[in-house]
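Any read-out appearing in this document is the output of simple, stated calculations on the displayed coordinates, not a laboratory observation. Worth saying up front: this structure is predicted, and the values here are computed from it rather than measured. All Cβ positions, even for glycine, are placed from backbone atoms using ideal geometry, and neighbour counts span all protein chains on display.
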Amino acid sequence: MKHTLGMYHRLLSVQLRSQMQYRVSFWLDLTGTAVITLFEFASLALVFDRFGDLGGWTLGEVALLYGIVNLSFGLSNMVFGGFNPSQFGQQVRLGTFDRIMLRPINITAQVLGSRLDIRRIGKIVLSLGIIAFSFSQTNIHWTAFKALYMPIIILSNVLFFGGLYIIGSTITFWTIESIEVMNTLTYGGSFATSHPMHIYPNWVIRFFTFIVPAIFLTYFPAIYILDLPNPLGYPEISYFLSPLVGIGILLIGQAFWHFGIQHYQSTGS
């Protein structure tokens, strides 16, 4: 374990140094990710300027959803970047994953350390600002448990998206046609969950409840943090399932990943 962690740290150090070689490009990319997030949130704010609320939620309340999801997604993209299905699938197609399997180092640690997208810091910092904006616009009755639960919610979302990335990468062992489907779950899921879930049709709500249980990661925890009514009528235990869902999806992803490695057939290149 110590050797694996040491090697993982070295791989991340190499990634960091390589990306900092071109400082201008790095800062432009970092600023670009922040600006995109800012424009997306600004477009959401225009909806409130026109209609006043979204499903009965104010801009400050929706900003909490938006900030948590985008912060978590940015952290997940940075930490689990090596498992990005489109990039990992390219390694499988080109046969470079074969070299990873031949090295006497933990395969998962190698893939995790193969990409550290620090440009996401721009998105992360701006998302923290949006969360701070939400706090300033809402009258949250803070308790010690709520303060402790906030980072748990964020970590749970990071693990959830990381698990989806791992599942998507594993699927590329057999096919590359499903990458867009996984992008729908990751990028599309992050967009859907950054809005109040009760504004969607019933089939969408059921999908994000029973198929991809993302509704428990942000929406219900936000209802608890903000002390809002629960229009879907789910039991109060739903407010606290975020860590179970996040860890559960990650464990499913890891199990599927190990299954894929055991049944992986080399490209022969």
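Put simply, when 35-44, 98-107 are sorted by average Cβ atoms within 10 angstrom per residue, most first, you get 35-44, 98-107. Along its principal axes, region 54-193 has C-alpha extents of 55, 30, 25 angstrom, given from the largest down.
A Gaussian network model of the chain, with springs between Cα atoms under 10 Å, assigns the largest mean-square fluctuation among 204, 245, 62 to 204.
For the chain, the membrane-span-like helix rule (DSSP H, alpha carbon extent of at least 27 Å along the helix axis, mean Kyte-Doolittle at least 0.5) picks out 23-51, 59-79, 144-171, 242-262; this says nothing about an actual membrane. Considering helices alone, the calculated mean residue ellipticity of the chain at 222 nm is -21500 deg cm²/dmol, with DSSP H runs of length four and up weighted by -39500 (n - 2.57) and normalised per residue. Springs between alpha-carbon atoms under 10 Å, Gaussian network over the chain: tell me which of 141, 198, 258 tops the mean-square fluctuations. Sorting by GNM fluctuation, first place goes to 141. One Cα centroid belongs to region 209-231, the other to region 89-107; the line between them spans 39 Å.
For the ranges 91-97, 26-32, what's the packing order if you count other beta-carbon atoms within 10 Å of each residue, average per peptide, and put the highest first? Mind showing how you got there, number by number?
On the way: 91-97: 15.9, 26-32: 14.3.
Sorting 91-97, 26-32 by mean packing, highest first, produces 91-97, 26-32.
Each of the peptides 142-154, 183-195, 64-76 was scored by the mean count of other Cβ atoms within 10 Å over its residues; in descending order, highest first, they stand as 64-76, 183-195, 142-154.
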